[in-house]
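Colleague: First the structure, which I've put down as C-alpha cells, then a few questions once you've had a look.
Readers should treat all values here as calculations from the given coordinates under stated rules, not as data from a laboratory. In this text the structure is predicted, and so the values were computed from the model without any measurement. Positions of Cβ are backbone-derived with ideal geometry, glycine not excepted, and every protein chain shown enters the neighbour counts.
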Amino acid sequence: MEARLASYPLGDKFPRFIAVEGPVGVGKTTLARRLASTFNYDVLLEEPPRENPFLERFYRHPRQVALATQLHFLFQRATQLQTIRQNDMFEQVRVSDFCMEKDRLFAEMYLDSHEIELYNRAWSMQTQDLPKPDLVIYLQAPVDVLKDRIRERGIEAERLIGNGYLKRLNEAYARFFHYYEESPLLIVNAADIDLVHNEQDYRSLVEEIMVCRKGRHYFNPKPSEL
C-alpha cells in the first residue's frame, strides 16, 4: 500500500517543487508519481516518448534530427513550467520528472556550433523567470541496469537505444550534476534498489528526502530483501 501524507508530516521548509532527474530508463517518472501520491502533491510529467514526432528517428540517426528533437523538448518542458508560474507557484506543490536546467545537456551532446547558437537563443527566450525546483533528485544507474529497465518497459521508440548512447548519456549527466548548484541536490544510487516494488527501499528514500534542505546530499543504500 502506498505511504501517504499522514505518515510523513511536512514542515514549512519542506520542498514545494521537487524535480526527479536521471537518464532514460532509470525510473524518474515512476518515482515522481509515487512521491506525488505520498506527499499529496500534483505531478508534472514530460510528454510520453510516442508524442515526440522526432524521437524514434533521433535514436536511429541522432545527428540528422538532433536539433528538431531538442527544440521540441525545450518548448514542451518550458510550456509546462510556464503554467506553474502563471498559476502562482507559491500556492502549489508539485513533483516533476524533469529539471529544466538539464535540457542543455542533450543539446551539447549532439548539436554543432551553429545549432547550439540557435538553440541557446531559443533557450534564453523560453526559460526567462521559470520556477526552479526546491529539491532535485538525481537517480543514477549503470548502463546494464538502464538497458534492462528499458527492455522491461517495452516502449517502441526506445527499442533502438544502444549501449553507446546510454554510456554517453550517463557521462553527460554525471558531468552536469557534478557542477550543478541551482537547487539542493540529492544524488541517489538507484542501481540495486527497487523503488517500485520494494516498500522498504522506497520508504528509506522518502526518509532521506525529508531531511534534505540545502547543499548536496548522497543516498547510497544497500539493496534490501523483498
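Colleague: Tell me the residue from N198, N220 that is surrounded by fewer than 17 Cβ atoms within 10 Å (Cβ to Cβ), among the polar types (S, T, N, Q), more than 19 Å from the chain's Cα centre (by Cα) and more than 27 Å from Q80 (Cβ to Cβ), please.
Modeller: Just a single option satisfies the conditions, and that option is N198.
Colleague: Return the total of residues in segment 106-123 being surrounded by fewer than 18 Cβ atoms within 10 Å (Cβ to Cβ) and within 17 Å of Q76 (Cβ to Cβ).
Modeller: The qualifying residues number 1.
Colleague: Of the residues L166, L186, which single one is surrounded by 18 or more Cβ atoms within 10 Å (Cβ to Cβ) and in a helix (DSSP H, G or I)?
Modeller: Only one candidate passes the filter, namely L166.
Colleague: Moving on. Please go through segment 175-226 and give me each residue that is closer than 14 Å to E21 by Cβ and among the acidic types (D, E), ordered by number.
Modeller: Within segment 175-226, just E182 meets the criteria.
Colleague: Inside segment 188-212, can you point out the residues that are of a type in the set (S, T, Y) and free of Cβ contacts under 8 Å to residues at least 24 places away in the same chain?
Modeller: S204 - this is the single residue of segment 188-212 that is of a type in the set (S, T, Y) and free of Cβ contacts under 8 Å to residues at least 24 places away in the same chain.
Colleague: Inspect segment 207-224 for any residue being part of a loop (DSSP other than H, G, I, E, B) and touching a Gly at 6+ places or on another chain (Cβ under 9 Å) and give the result as yes or no.
Modeller: Checking segment 207-224: not a single residue is part of a loop (DSSP other than H, G, I, E, B) and touching a Gly at 6+ places or on another chain (Cβ under 9 Å).
Colleague: Out of all the residues in segment 160-167, is one or more among the polar types (S, T, N, Q) and over 17 Å from the mean Cα position of the chain (by Cα)?
Modeller: yes
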